[in-house]
Amino acid sequence: MKVHFYLHYHTQFGESCWVSINGQTPQALSYLNDEYWHGTFEVESSQHREIRYQYGFQNKSGVYTAEWERDRVLPLNADQTGALVTVDYWNDPAAIENTFYTQPFQKIFFRQHTDNKAEGSSATHVFKVKVPLLTADEVPCLLGHGIALRNWDTAAPLLLEREGAWWTLRLDLGRERSPLGYKYGIWNTRTHRFVGFEDGSNRTVYPFQDGEHQARTYVHDGFLRLGKRSWRGAGVSIPVFSLRSENSFGVGEFTDLAALADWAASAGLKMIQLLPVNDTSATHTWTDSYPYAAISAFALHPIYLNPAAVAGKKHAALLKSYAKQQKALNAESAVNYEGVMTAKWAIFRELYAAMKAEWQQDQAWQQYYAENKNWLAPYAAFCYLRDENGTADFSRWKTHQVFDAKALEKLLDPKAKNYDAIAIHLFVQWHLHLQLSAATAYAHEKGLAVKGDIPIGIYRYSCDAWVAPELYDMRRQAGAPPDDFAEKGQNWGFPTYNWARMKADGFAWWKQRFAQMSLYFDAFRIDHILGFFRIWSIPLEDVEGIRGQFVPALPITERELHERGIGFNYERFCKPFINDQVLWDVFGNYADAALPFLEITGKGTYQLKPEFDTQRKVEAWFSAQDKADPQLQQGLYDLLTNVIFLDLPEKSNDTQEGWMGAIRFGVDKTSSFKYLDGALQQRLTDLHTNYFYRRQDDFWQQEAMDKLPALKRGTDMLICGEDLGMVPACVPDVMAALAILSLEIQRMPKQVGSTFLHPKDAPYLSVITPGTHDMSTLRGWWEENRALTQRYFNEILQHGGHAPFYCEPWVVRQILEQHFQSPAMWSIFQLQDLLGMSAALRRENPEEERINVPANPKHYWRYRMHLSLETLQEQSDFTGEIRSMVLAGGRG
C-alpha cells in the first residue's frame, strides 16, 4: 500500500526530517515547503493490520532525535482501495503537554473510559488531537468551513470521541471544496454550550486523490492549543520506615500506606512521596538503615512486610508469642533497626514453614515468579550465599564468587539441600509485592499518586554487581563534591557506571528497573540526576570525597599548563605537599603526633610512609587501635588531600599532550596552594574556574542527551530530577528539553548570587519543597543561622523587626502558604514541616525530626513519627487547615 507522510515542521538549512515505519530504519523525507516535509513509501499491507510510525529530526551536526510521540497508528482495512495519507504535527520532547500523558495523570487524575472505534468505509478524513486538561464536563469539538464542518456554527459543533490517548472525529469531506479552514474548541456537555476556540490561527485540511480513488487521510493535529490551562498538585513526603501506627512492629510497613492515603486524601493532597524501598540487608546491622545502598535494584525491603497480613486469620496464632516484643519495639521513639529485623525474620521463618506448601501451589505466585525470575532467582541465591559466608562481599565467598546461571539453577532446585534457605527469600518478596501493590492500588482509589525514588548508584556488594559486574566500574567510588552541607565532599562508596556497556544493550538494566518500579509507583525522583551528565568519581583508596573528579570530563593537559604559564612539576603538584609549616597549619601544637606517620623527603619536607599513604590505610590503622584519635586521623586525611592536580582514573601520560588530569576541587583552600606565589595562584584560580564551570558544558550536555532520552522513553512514569548541588549550566536546558521536572528548594537557590528562592519564582515544570530528607526541617533550619533567618524573615516573609528566635506555628504556616501558591506543578512537603504549623501536634525538639545528615556517612536512618497515623486522622482541624491551603493555592 502506498502511504504519503506529511510532517508539519519548520527547519533550517542543513537540517532534515525522517520517518521510521513499523520500527524499521528511518527513511528520509523530502523538503516540501517552509511548513511541510513529505515522503511517499510502499508498505506491505498483507503482513500488518496497522502501520506504526514515528518521526525523527537530524540537525546540522548529524545528531538524530526522535520525536516524543509513540502512538501514531494507521489502521489497514481490507476494503481500503486508495492510498493512505497522514498529516502530522511534530511532538517536541520539551512539550509540557506530554507531562499530562504520564502515569499519574492518565491512570489517576484524568482517568477516562476509552473506546477503539472500527474504521468505517465512508470517512475520507480522520481527525485526531490530544487534549490533556479537560474537566469532567468538557469534550473537544471541531468547526470550520463548509457544510461538513458545520460552517463555524458554535451552537452545533462536531464532537470528538476519546480513543486511547487521542480524541477522534471521522468525516466524509469528499464533496467539500479544498482547502478547508478549521479549529478545535471546547464543548460543555452539561450546559450544552460552546466554551471557546483554541488559541492560534486556523488549521487547514486538504482532500487527497489517489488516481480514481479518494485517499483516506489521517490528521494527527498534536495538542489542542489551550495556552492558559495548567494543573498543580500538592503532596506529602515521608519514608515508609518513619510511619507509625498503633499496630506497627517498631517501623512503618507497606500496609500503613493506606492510613496515610486516607489522611492525605482528606487533606486535599494528590501525591505521597517515599524514599527508596529496596532491600539494603548487607550486614544485618543498623548500618543497613541507609536506604540508598540497596543489595538489589529490584527486591523490596523485608522490614516493610507486615507479618500479621501475611499470616491472616489462618496462621495468626503463630504471632502471639511475639506480641510483647512487638509492643516494646513500637513504643520506641525511633526505629530500632536491628531489633525489628531480628524479630521479623524469626516470624518469617515460622510463616514460611507453615505456608510453604500452599504458597508453592499458588498460581498467582507462579506467574509472578515466571515474570520476575531474571532478578528474583539471583537475589534469593545472593541472600542465601551472603548469610552462608557471613558477608555480602562476594569476592570473599568460599564458592560462587563469580555468578554462573547454571550454578544458580542447581541452587534453586527444590530437591537441593539448602533450598528452603533460598526459597524463604522468594516467599518474603512475594508477600512484599502483594502488600505494596495493594497499598498503591488503595492510594489510587483515593485519587493519590505514589512517587518513588531511584538511587543514582548501586551498593558495591550487591546482587546487581554480582550478576553483571561488567555494567559497573568497580575500581572507583561515586559521590559528590564539597558543598555547604559536606565540606569534605561525599563518598557514597558505590561503583560508578560503565555507561558505554549500558548503552550497547539499549540501557536494558535501566529499563528493567523502571518497569519494576512502575508496578508500584506512578512517578519517581531520580536521585542526583547530575550523575547522568557526569559523576563525581573518587579513588577506591579514599575515605572522603574531596579528592574526586568528574567523569567523564575534558582533561587538563601538561601542554595546556605550560601554555597558561603554570608549568608542571608532578612531585610538587600531584603529590601531597607537606612541610613544617603545613604540619603546623593542620595540627598546630599537635604536630609532633603526626611525625611517626611521616618520612623525610628533603630539607623540611615530608611524605606519608607507605603504610599510611592512602586514607583507607590510615582508617584501617586507627580502627585497629584501642583508643580513637579523631583529630590526628582527620589531620592525616587532610595531608593526603593537599594536592593541586589529580591523575586521571586511567593514566594517559604517553600522549603528545604529556600528563593529563584534573585540578582538585577547591584548590584555593589547600595549603599546597597557599605556599605558591601570587601570580601562579591567580593562574590556577582561572584554570579552576574554566575547568569546572566553562569548558565542560557542551560535553556534559551531550553525555546527558546520550542517556536520558532513551531512559525517559522507557517508562510512562512522571520523572522528577534531583538537580541540587554543583549544577552545570547545561542541566536546566537538558531537563527543559526533555520536560523533566526540576527540584526547587527555597534555601538552595540556583540563581548565582541569590540567598533564597522565592516560591513565586519557581518554574512550572518543577517540584518545590521547603526541604528534603537530606536537610534539617523548617524549624531546625530556622535555628541554624540567626543572621540568615533574619534576612529571610525580612526579605521573603516581608516582615519588619526581629525574627522570632523559634520558628513559631504562624511562621511555618506563612512559609507553607507561599509554597502552596507557587506556580510549580508540585508542592511537596515533609510531614514534619506540615505538623510544624500546629503547636499542639509538632514535636518539641526539631532536631529529632531530621532524617539524614549527608556529612555523616555513618548516619543512622531511624526517624519515626511521634504521632500515630490513627491520631493524625483524628486531627480534623489540622487536616482542614491544610485542605484550605491546598484550595487557596489552586492545587488539585
| task | Any chance you could check the Cα centroid distance between the range 65-106 and the range 589-657 for me, in angstrom? | result | 60
| request: Taking the dipole about the Cα centre of the range 303-379, with the C-beta of Lys and Arg at +1 and of Asp and Glu at -1, give me whichever of ALA343, ALA377, TRP365 is farthest to the positive side. | output: ALA343
| remark: Of all trypsin sites (Lys or Arg not before Pro) in the range 360-454, the ones in DSSP coil with at most 16 other Cβ atoms within 10 Å are LYS398, LYS415, LYS417
| In whole Hz, what ³J(HN,Hα) sequence does the range 313-322 give by Karplus (6.51, -1.76, 1.60; θ = phi - 60°), x for Gly and Pro? | 5, 4, 10, 4, 4, 5, 8, 4, 6, 9
| field | the range 783-836: GluC sites (Glu not before Pro) falling in loop per DSSP and having at most 12 other Cβ within 10 Å | value | GLU784
| remark: Dimensionless Rg/Rh of the range 366-449, both radii on Cα and Rh by Kirkwood, sits at 1.10
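Taking only DSSP H segments of four or more residues, each worth -39500 (n - 2.57), what value at 222 nm results for the chain once the sum is divided by all its residues, to the nearest 500 deg cm²/dmol?
Computed ellipticity for the chain at 222 nm equals -8500 deg cm²/dmol.
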| task | Between GLU470 and ASP580, with labels modelled 7 Å along Cα→Cβ, what's the label distance in nm to one decimal, could you check? | result | 5.8
| field | In the range 853-892, the GluC sites (Glu not before Pro) that fall in loop regions by DSSP, at most 13 other Cβ within 10 Å | value | GLU874
| said: Beyond a 26 Å Cα-Cα separation, which of these cross-linked pairs lie in this structure: LYS488/LYS511; LYS270/LYS313; LYS60/LYS707; LYS503/LYS858; LYS2/LYS183? | reply: LYS488/LYS511; LYS270/LYS313; LYS503/LYS858; LYS2/LYS183
| note | Percent relative contact order for the chain, counting Cα pairs under 8 Å at least six residues apart, stands at 12
| query | Among rounded, prolate and oblate, which fits the range 335-382 when a ≥ b ≥ c are the square roots of the eigenvalues of its C-alpha gyration tensor, a/c under 1.5 means rounded, and a/b larger than b/c means prolate? | reply | oblate
| How many Å³ per residue does the convex hull of the Cα positions in the range 673-762 occupy? | 125
| task | Count the net charge of all other residues whose Cβ sits under 13 Å from the Cβ of SER884, scoring Lys and Arg as +1 and Asp and Glu as -1. | result | 0
| query | Any idea which of LEU426, ILE851, TYR497 is furthest toward the positive side of the dipole for the chain, if Lys and Arg beta-carbons carry +1 and Asp and Glu beta-carbons -1? | reply | LEU426
| note | Given 4 °C, 1.567 mPa s and a Kirkwood radius over Cα pairs, the Stokes-Einstein diffusion coefficient of the range 287-412 in µm²/s is 77
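Give me the number: length gained by fully extending THR689 to VAL402, i.e. 0.36 nm times residue separation minus the C-alpha to C-alpha distance, one decimal in nm.
Full-extension gain reported as 98.9 nm.
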| query | Taking Rh as the Kirkwood radius, which is the inverse of the mean 1/r over Cα pairs, what is the Rg/Rh value for the range 328-470? | reply | 0.99
| task | Find how much the distance from GLU44 to LYS324 grows on full extension, using 0.36 nm per residue of separation minus their present alpha carbon separation; answer in nm with one decimal. | result | 93.7 nm
| Where the Cα pairs of the range 762-891 fall when distances are cut into 10 Å bins, in % | 11, 39, 38, 11, 0
| said: What whole-number volume per residue, in cubic angstrom, does the convex hull of the C-alpha atoms of the range 783-856 give? | reply: 122
| Which residues' amide hydrogens lie under 5 Å from the amide hydrogen of SER237, considering only partners 5 or more residues apart or on another chain, with H built in the peptide plane? | GLN273, PHE829, GLN830, LEU831
| query | Ignoring ligands, DNA and RNA, what percent of the 1.4 Å accessible area of the chain is carbon and sulfur? | reply | 50
| message | Please compute the contact order of the range 439-544 in relative form: average sequence separation of alpha-carbon pairs under 8 Å and at least six residues apart, divided by the residue count, as a percent. | response | 38
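What FRET efficiency do you get for GLU657 and ASP483 if R0 is 30 Å and r is their Cβ-Cβ distance, rounded to the nearest 0.05?
Rounded to the nearest 0.05, the efficiency is 0.45.
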| task | Taking the Cα centre of the chain as origin, work out the dipole magnitude from +1 charges on Lys and Arg Cβ and -1 charges on Asp and Glu Cβ, in debye rounded to 20. | result | 1240
| remark: Residues meeting the amide H criterion for VAL543 (H placed from the backbone, H to H distance under 5 Å, 5 or more places apart or on another chain) are GLN615, ARG616
| query | Given +1 on the Cβ of Lys and Arg, -1 on the Cβ of Asp and Glu, and no further charges, what dipole in debye does the range 167-263 carry about its Cα centre, rounded to the nearest 20? | reply | 620
| query | Which percent of Cα-Cα pairs in the range 249-344 sits in each 10 Å bin, short to long? | reply | 14, 39, 35, 11, 0
| Relative contact order for the range 588-702: what is it in percent, counting Cα pairs under 8 Å that are at least 6 residues apart? | 15
| query | For GLN751 and LEU133, FRET efficiency with R0 = 30 Å and r from the beta-carbon atoms, rounded to 0.05? | reply | 0.50
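Please work out the Cα convex hull volume for the range 730-825 and give it in Å³ per residue.
103
Keeping every protein chain present and rolling a 1.4 Å probe, give me the accessible area per residue for the chain in Å².
43
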| said: Give me the one-decimal nm value for the distance between modelled label points at MET1 and GLN681, 7 Å along each residue's Cα-to-Cβ direction. | reply: 7.6
| Sites PHE805 and ALA94, calculated FRET efficiency, Cβ-Cβ separation with R0 41 Å, nearest 0.05 | 0.35
| query | Just how large is the dipole of the range 488-537 about the Cα centre, in debye to the nearest 20, putting +1 at every Lys and Arg Cβ and -1 at every Asp and Glu Cβ? | reply | 180
| Cα-Cα separations in the chain greater than 54 Å, expressed as whole percent | 22
| message | I need the semi-axes of the equivalent ellipsoid of the range 585-651: take the C-alpha gyration tensor, multiply each eigenvalue by 5, square-root it, list largest first in whole angstrom. | response | 20, 17, 11
| request: Can you grab the distance from the C-alpha centre of the range 542-576 to the C-alpha centre of the range 732-777, Å, no decimals? | output: 32
| field | 19 Å reach of a label modelled at HIS10, 7 Å along Cα-to-Cβ, counting backbone N of the range 220-244 | value | 221-227
| query | For ARG813 and ASP761 in one chain, what is 0.36 nm times their gap in residues minus the Cα-Cα distance, to one decimal in nm? | reply | 16.8 nm
| Environment charge of CYS730, counting only residues whose C-beta is closer than 10 Å and scoring Lys/Arg +1, Asp/Glu -1 | -4
| For ALA294, net neighbour charge (Lys/Arg +1, Asp/Glu -1) across residues whose Cβ lies under 9 Å away | -2
| query | Could you give me the ³J(HN,Hα) list for the range 193-200, computed from phi with Karplus coefficients 6.51, -1.76, 1.60 and θ = phi - 60°, whole Hz, x at Gly and Pro? | reply | 10, 7, 7, x, 7, 5, 6, x
| field | Mean projected area (nm²) of the alpha-carbon convex hull when the range 452-584 is viewed from all directions | value | 11.7
| remark: Note to self: C-alpha centroids of the range 440-493 and the range 503-534 sit apart, in Å, by 10
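The values are calculated or read from the model by the stated rules, or taken from the named source; none is laboratory data. Please read these numbers as outputs of a predicted model, since none were measured by experiment. No Cβ is skipped: glycine too gets one built from the backbone with ideal geometry, and neighbour counts run over all protein chains shown. We work out accessible area using only protein heavy atoms, side chains counted, and drop any ligands, DNA or RNA first. Shrake-Rupley method; radii C 1.70, N 1.55, O 1.52, S 1.80 Å.
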